[in-house]
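Enquirer: Provided herewith is a single structure, encoded as C-alpha cells, for subsequent inquiry.
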There are 2 protein chains.
Amino acid sequence: MINHLLIANIDEKGLLSKSEQEEFCSYFQPKSISKKEFLLEQGKVCKFEGFVLEGCFRIFTIDTKGNENTIYIAARNWWLMDIDSFMNHEPSALNIKALEDSKVLIISEKDKAALYKSIPKTEKLFRIMFQKSIVAWQRRLVRNHSLTAKERYSHFTKSYPDIASKLTDRQTSSYLGITHEFLSKIKKQS
Amino acid sequence: MINHLLIANIDEKGLLSKSEQEEFCSYFQPKSISKKEFLLEQGKVCKFEGFVLEGCFRIFTIDTKGNENTIYIAARNWWLMDIDSFMNHEPSALNIKALEDSKVLIISEKDKAALYKSIPKTEKLFRIMFQKSIVAWQRRLVRNHSLTAKERYSHFTKSYPDIASKLTDRQTSSYLGITHEFLSKIKKQS
DNA sequence: GAATCAAGTTGAACTTGTTCAACTCTTTTC
DNA sequence: GAAAAGAGTTGAACAAGTTCAACTTGATTC
C-alpha cells in the first residue's frame, strides 16, 4: 500500500510509476516508538534508515565532557539514521531519541540494497536527497560562523517554528551550540 | 583516456568496467586555473562539477558584513562545486578561488545528466560519495560546537597537514570560524 | 630597489558566552 | 498527593573570542 507522505518526500517529480511506488513502500516497516525511547543508542550499529510519519526525534551525540550535542531534529516528513554506522556497520556515535510518541517507517540495509537493485531509479532519488542535505549542512555551518547566538536562535525559531515549539530550552540550546543558561538570558533580552 | 586519480576517487570498489571507466572520464574536460583566479564567483550560476587534479581551491562566502567564511578547501583528489546552484540553476552564494596554479576536470550539467543516463551505476557512486560527505559535515558541526578554537585549530592542522600548510593564517581562521588576530594569539600560546 | 600592499603580531578595552551555585516552577513518579 | 527529579531563571565571577589601532614583516609591483 502506498504511503503518500513517503512517496511525496522522495519522488517529488513523479519519476516512479504507481506500481513502483507501491513496491517502494513495501520495503518499509512501520514502527511505533514511545516518548523518550531510543530508536538508536550510541555504541550500537545503526541497522536502519528511518522516515518519520508522526512525532519527532532528536539526533545527538554525548561528548567526553558529558555534554549533549544536538545534530538535528527529525519531525514528520524527515529522514533519520546514522549514515556512517549504517553504511559501514560501525558502532554509532549518535543517539536517536523520541521527543514524543512517534511513528516511523524503517528499512533494513538488506532491504535498502534490494530496493536499489529492484528499482534503480531510486538511486537517483536518494542521490538528489543527499545533495540537498549537503546544501543544508553547508548553510548551517555558515550561520554558525557568521551569526551570534541570538541571531541563530531567532533564525531557528522563525525557520522551524513547529520544531522549535516541541523542544525544551535545553534541547534548543544544544542544537544552537550554546549553554541553556545563556539561551535563557537571550530570551529575556528580546 | 582513463584518469586514474578520478577513477580511484569515485570507483573505489571497481564497479565500473575498463570501458565504462574510459567513458566516464570522457565526459570531463581539463581546465587550468592560475593562482588567485576564480573558478566560480558569487552571484554567477555554477555550471560545472569539478574534480581537482593539481593545486588547491578555497570555497567561501562573503557575508553582509564583508567577512569571508571558508566553507571548505579542495585540494588534489577533492570535488568542488556549488551543489545548490548547479542543481537549481540559481545564482551561487559561493566563491571558488585557486590558492595556487591548479588543474581541474570539469563536467557540465548536460554531460553529468548524460553520464548518469549512459552509465546508471554512476548514480550509486555519487550517491555514496554524497553520503560520505554528509558524515563529514555532521562531524564538523559537532567539532564546532564541542571544541574550543584552539582545539579546532589543533585538530585541523593534525588532520589535514597538507592543506593547512597551503593556507595563510587569515584563510585558516576563516575556516575555523575565528578572527585572524585570535588565531595569532592561539599560535603564540602553544 | 624603493614603494606599496597584504599578512601577521601585539596590546588594551570590550563583548559574547560559560560556569557554578542558588533558587523557582513544572512534571513525573510512586 | 507528597516527594523527587528535571527544566527554566538569575546573578556574579570568569574565560573565550572580538575589535580596533599600531606596529612589524614579507611579498609584489613598477
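The values are calculated or read from the model by the stated rules, or taken from the named source; none is laboratory data. Please read these numbers as outputs of a predicted model, since none were measured by experiment. Note that each Cβ is placed from the backbone with ideal geometry, even for glycine, and that neighbours are counted across all protein chains shown. Each accessible area value is taken on the protein alone, full model and side chains, heavy atoms only, with ligands, DNA and RNA left out. Shrake-Rupley method; radii C 1.70, N 1.55, O 1.52, S 1.80 Å.
Enquirer: Count, please, the residues in the range B:152-185 that happen to be open to solvent by less than 40 Å² (accessible area, probe 1.4 Å) and of a type in the set (Phe, Trp, Tyr).
Expert: Final tally of qualifying residues: 2.
Enquirer: While we're on this one: When residues of the range A:112-169 are filtered for being of a type in the set (Val, Ile, Thr) and within 11 Å of chain B (Cβ to nearest Cβ), how many remain?
Expert: 5
Enquirer: Further question: Does at least one position in the range A:173-183 carry a residue that is within 14 Å of chain B (Cβ to nearest Cβ), away from DNA strand C (no atom under 12 Å from the Cβ) and of a type in the set (Phe, Trp, Tyr)?
Expert: Yes: one or more hits.
Enquirer: Scan the strands (runs of 3 or more DSSP E) fully inside the range B:1-67 and keep the ones with 2 or more residues being under 16 Å from B:Lys97 (Cβ atoms), open to solvent by 10 Å² or more (accessible area, probe 1.4 Å) and of a type in the set (A, V, I, L, M, F, W, C).
Expert: Where strands (runs of 3 or more DSSP E) fall fully within the range B:1-67 and carry at least 2 residues being under 16 Å from B:Lys97 (Cβ atoms), open to solvent by 10 Å² or more (accessible area, probe 1.4 Å) and of a type in the set (A, V, I, L, M, F, W, C), they are B:38-40.
Enquirer: Just to be sure, is B:Lys188 among the charged types (D, E, K, R), within 14 Å of DNA strand C (Cβ to nearest atom), over 17 Å from B:Asn69 (Cβ atoms) and surrounded by 15 or more Cβ atoms within 10 Å (Cβ to Cβ)?
Expert: no
Enquirer: With the requirement that a residue be open to solvent by 60 Å² or more (accessible area, probe 1.4 Å) and either within 14 Å of another protein chain (Cβ to nearest Cβ) or within 17 Å of A:Ile33 (Cα to Cα) (or both), what does the range A:101-111 give you?
Expert: Of everything in the range A:101-111, those that are open to solvent by 60 Å² or more (accessible area, probe 1.4 Å) and either within 14 Å of another protein chain (Cβ to nearest Cβ) or within 17 Å of A:Ile33 (Cα to Cα) (or both) turn out to be A:Asp101, A:Lys103, A:Glu109.
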